[in-house]
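*Asks:* This is the structure, below, for whatever I ask next.
The values are calculated or read from the model by the stated rules, or taken from the named source; none is laboratory data. In this text, all values refer to a predicted model and were calculated from it rather than measured experimentally. Backbone-built Cβ (ideal geometry, glycine too); neighbour counts: all protein chains shown.
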Amino acid sequence: MLDRNKIARELADILGEENVVTDLQALRESSVDRYRKYQWIHGVYTRPPPAAVALVSSTDDVSSVLKYLNDNRINCVPRTGTSATEGGLETIVPDSVVVDGSGMNKILKFDPYNMQATAQCGVCLEMLEEYLRERGYTTGHSPQSKPLAQMGGLTATRSIGQLSTLYGGIEDMVTGLEAVLPGGEIVRIKSVPRRAAGPDIRHIIIGSEGALCFITEVTVKIFKYTPENYVYMGFLIDDMHDGISVLRDVMVNGYRPPVARLYDLQDAEMNFSHFQTGKCVLIFITDGPRELSEATARAIEGFAAERGAQPVDPALIRKWFGNLLWGPEKIQNEIEEIRQTNNIGFTTEISADWENIGKIYDACIRRVPGEIPDITLFGGHSSHSYINGTNLYFVYYYNVECGVAEEVSKYHDPINEIIVEEALRFGGSMVHHHGIGKARAMFTTREHDGAYTLLEGLKKQFDPKGIMNAGTIFHSELY
């Protein structure tokens, strides 16, 4: 094992001194992500600070740094963007190195004829979206983290956005990519519409969360941008189960509105207090060619009416949708509110088929407020639906009535555990789109059951020395 000073010096020999961060406060802040935001806000850091943050600006830089770390068995935490919420960016191994690709921020190719664009890993999604929209196109990818998230991190966590019911998740959008393996080998997966040349090797990398490789470049599909054809719709409905039935009616009958959401009473009260009157809220937005968008809207109105849903003013939905993104200003407001109130909110998202999603919802709504102290809100919404099921995005707030360092173990982890337990008990997935990170890695074997050997085999094959993001996806006792 090399000492942290020597690691920093040798990284400086590779990248130049100006590209190696060793400031202690910066290193402390680089030891966590938003899973421990309460601790971060209060300046309490319970994870070992990395030896350095390596700022890479090219694929060759990444290759050289990863080869050095692999040769010396130094833990590497890949990072592009800092919007992770599940502990995937935490440095649990002393003297780790955070490899930051945010400087790799060039849009490399815009190809409207073949309907695709190529960007380096550090390109902010909002920057790419603005570039495309100015030209009449879109990625179709619009997570709330769009002002913060970068293309490498989005791909690594199997991200999904608000328009997913039409455009899909990032795994449906990525057509090709470039990545660097731990030994420094650069691999490229070419962009083609489809191929049957063995298993789809894109998916070894998409969703790997920095535990197998470092993503340096991504090619994604692009779509015509037609906001003038959006139709905004909102409905009030009596309970979650009725709302789930409407979502199912829409999906199984072949309609694909980009936005299809259902908020329960608690979550709706927080988001729609200006019109929600003790009911759940259904939201749909349609898109596409005008005739298709309008036809989809008419069909949705019919399904909602069949279930007794009452329409609300579309202008209210348009206003809500325009205020969804989570940028620096909202984060700062959240920080101030937490400091003043000691009340903090988080989310845990799962998925299941239509038969079981309501059972998971009922079980979690019953258990969490009954078993966890100091809960001030527990609710949820569905925001991503499929022909065979939907997701649930549980939202919870609690007052922190303990020491700063104990907040995660007293509240956040036990809430996560209940939700994961119920999702798995009913045959669902413990995570829909935020990634496993380190926070849910202890449940990975239960998530995959007998198929875990396939996932474990990838780790052994691509990271035999175990230097890539220890504890992420694959649980470590250090966590």
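*Asks:* Would you mind telling me which numbered condition in (1) closer than 24 Å to Ser145 by Cα; (2) among the aliphatic types (A, V, I, L, M); (3) touching a Lys or Arg at 6+ places or on another chain (Cβ under 7 Å) Ala51 fails?
*Replies:* Among (1) closer than 24 Å to Ser145 by Cα; (2) among the aliphatic types (A, V, I, L, M); (3) touching a Lys or Arg at 6+ places or on another chain (Cβ under 7 Å), the lone unmet condition for Ala51 is (1).
*Asks:* Follow-up. For Ala211, which of the numbered conditions (1) of a type outside the set (S, T, N, Q); (2) outside any loop (DSSP other than H, G, I, E, B); (3) surrounded by 23 or more Cβ atoms within 10 Å (Cβ to Cβ) fails to hold?
*Replies:* (2)
*Asks:* Let me ask another. All but one of (1) free of Cβ contacts under 8 Å to residues at least 60 places away in the same chain; (2) exposed (fewer than 15 other Cβ atoms within 10 Å of the Cβ); (3) in a loop (DSSP other than H, G, I, E, B) hold for Gly308; which doesn't?
*Replies:* Here Gly308 meets the rest and fails (1).
*Asks:* Further question: Which is modelled with pLDDT under 95, closer than 19 Å to Arg36 by Cβ, of a type outside the set (Gly, Ala, Ser) and not assigned by TED's automatic domain parsing to the domain that holds Val98, of Glu417, Glu407, Glu477?
*Replies:* Details: Glu417 fails: modelled with pLDDT under 95; Glu407 fails: modelled with pLDDT under 95.
Of the residues listed, the single one that is modelled with pLDDT under 95, closer than 19 Å to Arg36 by Cβ, of a type outside the set (Gly, Ala, Ser) and not assigned by TED's automatic domain parsing to the domain that holds Val98 is Glu477.
*Asks:* Applying the selection to segment 412-431, what residues are in contact (Cβ under 8 Å) with a residue 60 or more places away in the chain and closer than 23 Å to Ile41 by Cβ? Talk me through it step by step, then tell me what you get.
*Replies:* Here is the first cut: in segment 412-431, the ones in contact (Cβ under 8 Å) with a residue 60 or more places away in the chain are 412, 415-416, 419-420, 422-423, 425-431.
The answer is His412, Ile415, Asn416.
*Asks:* Out of curiosity, is Val21 of a type in the set (Val, Ile, Thr), farther than 20 Å from Ile473 by Cα and surrounded by fewer than 23 Cβ atoms within 10 Å (Cβ to Cβ)?
*Replies:* Working: of a type in the set (Val, Ile, Thr): yes; farther than 20 Å from Ile473 by Cα: yes; surrounded by fewer than 23 Cβ atoms within 10 Å (Cβ to Cβ): yes.
Taking the combined requirement at face value, the residue satisfies it.
*Asks:* Among the residues of segment 280-301, how many are outside any helix (DSSP H, G or I) and surrounded by fewer than 23 Cβ atoms within 10 Å (Cβ to Cβ)? Outline the logic, then answer.
*Replies:* As a first pass, look at segment 280-301 and keep what is outside any helix (DSSP H, G or I): 280-289.
From the residues that got through so far, the ones that are surrounded by fewer than 23 Cβ atoms within 10 Å (Cβ to Cβ) too are 288-289.
Of the residues in that region, 2 qualify.
*Asks:* State the number of residues belonging to segment 450-479 that are of a type in the set (Asp, Glu) and under 23 Å from the mean Cα position of the chain (by Cα). Walk me through it before giving the result.
*Replies:* Taking segment 450-479 first, the residues of a type in the set (Asp, Glu) are 456, 463, 477.
Adding the requirement that they be under 23 Å from the mean Cα position of the chain (by Cα) leaves 456.
The qualifying residues number 1.
*Asks:* Of the residues Arg256, Arg261, only one is touching a Ser or Thr at 6+ places or on another chain (Cβ under 7 Å), basic (Lys, Arg) and part of a strand (DSSP E or B); which? Can you show your working first?
*Replies:* On the way: Arg256 fails: part of a strand (DSSP E or B).
Just one listed residue meets the conditions, Arg261.
*Asks:* Check Ala439 against each of (1) in contact with a strand residue (DSSP E or B) (Cβ under 8 Å, 6 or more places away or on another chain); (2) outside any helix (DSSP H, G or I); (3) under 23 Å from Glu371 (Cα atoms) and name the one condition it does not meet.
*Replies:* Condition not satisfied by Ala439: (1).
*Asks:* Out of all the residues in segment 1-46, which are in contact with a Lys or Arg (Cβ under 7 Å, 6 or more places away or on another chain) and over 18 Å from Ser83 (Cβ atoms)? Spell out how you get there, then give the answer.
*Replies:* Of segment 1-46, the ones in contact with a Lys or Arg (Cβ under 7 Å, 6 or more places away or on another chain) are 31-32, 41, 45.
The one that is in contact with a Lys or Arg (Cβ under 7 Å, 6 or more places away or on another chain) and over 18 Å from Ser83 (Cβ atoms): Tyr45.
*Asks:* Moving to a separate point now. What number of residues in segment 357-388 are more than 17 Å from Asp264 (Cα to Cα) and not aliphatic (A, V, I, L, M)?
*Replies:* The number of residues fulfilling the criteria is 6.
*Asks:* Within segment 233-253, track down each residue that is under 14 Å from Gly302 (Cβ atoms) and either in contact with a His (Cβ under 6 Å, 6 or more places away or on another chain) or part of a loop (DSSP other than H, G, I, E, B) (or both).
*Replies:* Asn253
*Asks:* Assuming Phe284 fulfils every condition listed in (1) under 26 Å from His141 (Cβ atoms); (2) modelled with pLDDT under 95; (3) among the aromatic types (Phe, Trp, Tyr) apart from one, which condition is it?
*Replies:* Status for Phe284: all satisfied but (2).
*Asks:* Scan Leu265, Leu292 and give me the residue that is in the same structural domain as Met233 (by TED's automatic domain parsing) and more than 30 Å from Tyr397 (Cβ to Cβ). I'd like the intermediate steps shown before the answer.
*Replies:* Details: Leu265 fails: more than 30 Å from Tyr397 (Cβ to Cβ).
None of the others qualify; the one that does is Leu292.
*Asks:* Considering every residue within segment 372-386, establish whether at least one is surrounded by 16 or more Cβ atoms within 10 Å (Cβ to Cβ), among the aliphatic types (A, V, I, L, M) and either under 18 Å from the mean Cα position of the chain (by Cα) or at pLDDT 95 or above (or both).
*Replies:* Yes; the residues of segment 372-386 include at least one that is surrounded by 16 or more Cβ atoms within 10 Å (Cβ to Cβ), among the aliphatic types (A, V, I, L, M) and either under 18 Å from the mean Cα position of the chain (by Cα) or at pLDDT 95 or above (or both).
*Asks:* If Lys319 satisfies all but one of (1) modelled with pLDDT of 95 or more; (2) surrounded by 12 or more Cβ atoms within 10 Å (Cβ to Cβ); (3) in a helix (DSSP H, G or I), what's the number of the condition it fails?
*Replies:* (1)
*Asks:* A further question on this structure: Can you go through Glu477, Glu456 and tell me which one is under 17 Å from Leu212 (Cβ atoms), surrounded by fewer than 17 Cβ atoms within 10 Å (Cβ to Cβ) and not small (Gly, Ala, Ser)?
*Replies:* Details: Glu477 fails: under 17 Å from Leu212 (Cβ atoms).
Result of the check over Glu477, Glu456: Glu456.
*Asks:* I'd like to verify a number: residues in segment 147-164 that are crowded, with 24+ Cβ neighbours inside 10 Å and either in contact with a helix residue (DSSP H, G or I) (Cβ under 8 Å, 6 or more places away or on another chain) or under 14 Å from Thr80 (Cβ atoms) (or both), how many?
*Replies:* Filtering segment 147-164 down to residues crowded, with 24+ Cβ neighbours inside 10 Å leaves 149-157, 159-161, 164.
Imposing the further condition that a residue be either in contact with a helix residue (DSSP H, G or I) (Cβ under 8 Å, 6 or more places away or on another chain) or under 14 Å from Thr80 (Cβ atoms) (or both) reduces the set to 149-157, 159-161.
Looking only at that region, the number is 12.
*Asks:* Another question about this same structure. Within segment 357-371, can one find any residue that is in contact (Cβ under 8 Å) with a residue 40 or more places away in the chain, touching a helix residue (DSSP H, G or I) at 6+ places or on another chain (Cβ under 7 Å), closer than 18 Å to Thr165 by Cα and not polar (S, T, N, Q)?
*Replies:* yes
*Asks:* Taking only segment 346-381 into account, find how many residues are in contact with a strand residue (DSSP E or B) (Cβ under 8 Å, 6 or more places away or on another chain), among the aliphatic types (A, V, I, L, M) and over 26 Å from Glu334 (Cβ atoms).
*Replies:* Residues meeting the conditions: 3.
*Asks:* Taking segment 24-57 as the search range and keeping residues that are of a type in the set (Gly, Ala, Ser) and surrounded by 21 or more Cβ atoms within 10 Å (Cβ to Cβ), which one is farthest from Tyr479 (Cα to Cα)?
*Replies:* Applying the first criterion (of a type in the set (Gly, Ala, Ser)) to segment 24-57 yields 26, 30-31, 43, 51-52, 54, 57.
Remaining after also requiring surrounded by 21 or more Cβ atoms within 10 Å (Cβ to Cβ): 30-31, 51-52, 54.
On the way: Ser30: 16, Ser31: 12, Ala51: 18, Ala52: 20, Ala54: 23 Å.
For segment 24-57, the residue satisfying everything is Ala54.
*Asks:* Further question on the same structure: Read through the list (1) at pLDDT 95 or above; (2) farther than 23 Å from His241 by Cα, then give the number of the only condition that Thr348 fails.
*Replies:* Among (1) at pLDDT 95 or above; (2) farther than 23 Å from His241 by Cα, the lone unmet condition for Thr348 is (2).
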